[in-house]
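Only one structure is covered here, and it is reproduced in the block below.
The values are calculated or read from the model by the stated rules, or taken from the named source; none is laboratory data. Bear in mind the structure is a predicted one, so any value in this text is a computation, not a measurement. Heads up, the Cβs are rebuilt from the backbone with ideal geometry, glycines too, and the neighbour counts pull from every protein chain shown. The accessibility values were calculated without ligands, DNA or RNA, using every heavy atom of the protein model including side chains. Shrake-Rupley method; radii C 1.70, N 1.55, O 1.52, S 1.80 Å.
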Amino acid sequence: MSSTPDTPQGGFRLSMLLNDTRYRSYTFQFIALVAIIAAMAFIGGNLVRNLAAAGLNISYDFLGQQSGYDINQRPIEYTSQSTHGRAALVGLLNTLIVAFLACVTATIIGVVAGVLRLSPNWLVRKIMSFYVEIFRNVPVLIWILIIFSILINATPAPRAFKGADPQASMWLWDSVAVTNRGVFMPSPVWNDGSMMVIGVFLASIVGVLLFRRYAKAQLFNHGRLISTFWPSVGLFFVPAILAQIVLGNPIGLEYPELKGFNFKGGFTIRGSLIALWLALAVYTGAFIAENVRAGILAISKGQTEAAAALGLRPKRIMSLVVLPQALRVIIPPLISQYLNITKNSSLAIAVGYMDLTGTLGGITLLQTGRAIEAVLLLMLFYLVISLSISFLMNIYNNSTKLKER
C-alpha cells in the first residue's frame, strides 16, 4: 500500500506563492512590506515637493546656531550662548534623568504596595487599595500640578534662612537647604586621585554583586543561609571610605551658601524636577502594584504551603519562593509602565522643567521655525529611548524565565 506525500511533487511554480501554505505567509508579508515602503515614499516625496514649492528645504543647520535662552536644570555646562544642539542635549539628559529616577522609585513603590495589598492585616490592605484606586484613576498631569503646588507652598523661601534668628534652617549639619526654588545640596569637587576612589567604589559594587551571587549559590546548592545585608553594606561603603582617607580626601565638597536672594554654589535640584519625579513615581507605582499583585496571585498556594512546611518565615517565602516565580508575570507589563513613564515625562513643560520636549520641541522649534526637523528629531529620540528600554528589559525578562529540561 503506497502513501500519498503531503507536499506536491515537481519543481517550483509561481502559483505556489499563493496556493502553497509553505510560501503563502511570506508572500503576504512581502506585499505588506512593499505597500508600507510605497506609502512612506509617497508621503516623503509629497513632503519634499510641498517644501520645495514653498521655497523651503529640510536642514539641520539650526542646531549649530546660538540658542539665546536659559535652562534652569543643567546636568552639563550650558549657557544662553550655547547652540540649539547643546540645548537639545541638555533636554535629552533631563528626560533621561527624570525617567530613570521615576522608574526606580515607581518600582519600589509598586512592589511594596503590591505585596501589602495581599497583607492579612485588614487596615494595611485597605490603605494600599485606597492608594491604588485614587492614584491610577486621576490623570498624571493633575498629580504633577498638585505635587508641584504643595512643594511651592509648603517649603520656605530662601529669605527665610536669613538673619540671626532665621525662620528656617538647613538640614544635615547645615549642608542641605530645602526651599520653594528647589533643594540645594553639596556638589563633589574632583581633585587629583578622585578616579582612584571612583574605581575602588565601582569595584566594591562588583564585589557586592559577586558576594550575593555566592550566597545565593550556597543557599540553593548546599542549603547554607548566609547573611547578605550587613556584609553588602560593608563592601559598598568601607573600601571607598578607606581609599578616600588613604589618598588624602581627593574628593571634596562644595557647600551651598546663601548670597543675596538665593543660594549659590553646590548642586541644585529644582522643584519642577522633584514634582515631576514624585508624580510619575506614585502614579505609575499604582499600576505596577496591580501587576505585582497579579503576579503573586498567579503562583499556586501550594508553593507557599510547601515553603512554610520547610520552616521558612513569611518574609523569606515571599523573597525566595513567590517573587522569583512571579517575575515572569510581572516583567512584561512592567516594561509598558517604564515606557509610559518615559513618554509621560513630556508633561514636564507644565511645571517648567526643561526636558527634551521643552527644549527641542518647544523653544528651539519656535525660535527657528524648523517644525518638521524638530519634530522628526523629537520622534527619533523618544523612539530610540523606548526601544532601548524594551531591549534591556526583554534581556532581563529572558533571564527570569523558567529553565525547562
- Mind listing whichever residues of segment 132-154 are within 22 Å of the chain's Cα centre (by Cα) and surrounded by 15 or more Cβ atoms within 10 Å (Cβ to Cβ)? Val132, Phe135, Arg136, Val140, Trp143, Ile144, Leu145, Ile147, Phe148
- Query: Does segment 368-378 contain at least one residue that is part of a helix (DSSP H, G or I), open to solvent by 30 Å² or more (accessible area, probe 1.4 Å), modelled with pLDDT of 90 or more and farther than 30 Å from Thr79 by Cα?
  - Reply: no
- Message: One residue is enough: does segment 49-63 have a residue meeting the conditions under 27 Å from Ser346 (Cα atoms), in a helix (DSSP H, G or I) and open to solvent by less than 70 Å² (accessible area, probe 1.4 Å)?
- Response: yes
- Checking Gly11 against (1) of a type outside the set (A, V, I, L, M, F, W, C); (2) part of a loop (DSSP other than H, G, I, E, B); (3) within 20 Å of Leu356 (Cα to Cα), which test does it fail? (3)
- Note on the structure: Filtering segment 252-272 down to residues that are touching a helix residue (DSSP H, G or I) at 6+ places or on another chain (Cβ under 8 Å) and either modelled with pLDDT of 90 or more or not in a strand (DSSP E or B) (or both) yields Phe261, Gly271, Ser272
- Could you list all residues from segment 298-332 that are touching a residue at least 24 places away in the same chain (Cβ under 8 Å) and basic (Lys, Arg)? Arg328
- Any chance segment 269-292 includes a residue that's more than 29 Å from Gly110 (Cα to Cα) and in contact with a strand residue (DSSP E or B) (Cβ under 6 Å, 6 or more places away or on another chain)? no
- Query: With (1) part of a helix (DSSP H, G or I); (2) open to solvent by 50 Å² or more (accessible area, probe 1.4 Å); (3) without any contact (Cβ under 8 Å) to a residue 40 or more places away in the chain as the list, and Gly85 as the residue in question, which single condition is left unmet?
  - Reply: (2)
- Please enumerate the residues belonging to segment 155-184 that are open to solvent by 100 Å² or more (accessible area, probe 1.4 Å), closer than 20 Å to Leu273 by Cβ and not hydrophobic (A, V, I, L, M, F, W, C). Arg181
- Message: Among the listed residues Ile127, Ile144, identify the single one that is in contact (Cβ under 8 Å) with a residue 24 or more places away in the chain, β-branched (Val, Ile, Thr) and not in a strand (DSSP E or B).
- Response: Ile144
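Yes/no matrix, rows are residues, columns are (1) among the basic types (Lys, Arg); (2) closer than 21 Å to Ile152 by Cβ; (3) within 25 Å of the chain's Cα centre (by Cα):
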| residue | (1), (2), (3) |
| --- | --- |
| Tyr214 | no, no, no |
| Trp230 | no, no, no |
| Phe236 | no, no, yes |
| Ile241 | no, no, no |
| Gln244 | no, no, no |
| Lys259 | yes, no, no |
- Quick one: in segment 347-362, which of the residues that are of a type outside the set (Asp, Glu) and outside any helix (DSSP H, G or I) is least open to solvent (accessible area, probe 1.4 Å)? Tyr353
- Message: Residue pairs, Cβ under 6 Å, 6 or more apart or interchain, first in segment 153-165 and in contact (Cβ under 8 Å) with a residue 24 or more places away in the chain and among the hydrophobic types (A, V, I, L, M, F, W, C), second in a loop (DSSP other than H, G, I, E, B) and open to solvent by 30 Å² or more (accessible area, probe 1.4 Å). List them.
- Response: Ala157/Asn180
- Which members of segment 202-235 meet the condition of being farther than 30 Å from Leu310 by Cα and open to solvent by 70 Å² or more (accessible area, probe 1.4 Å)? Leu202, Val206
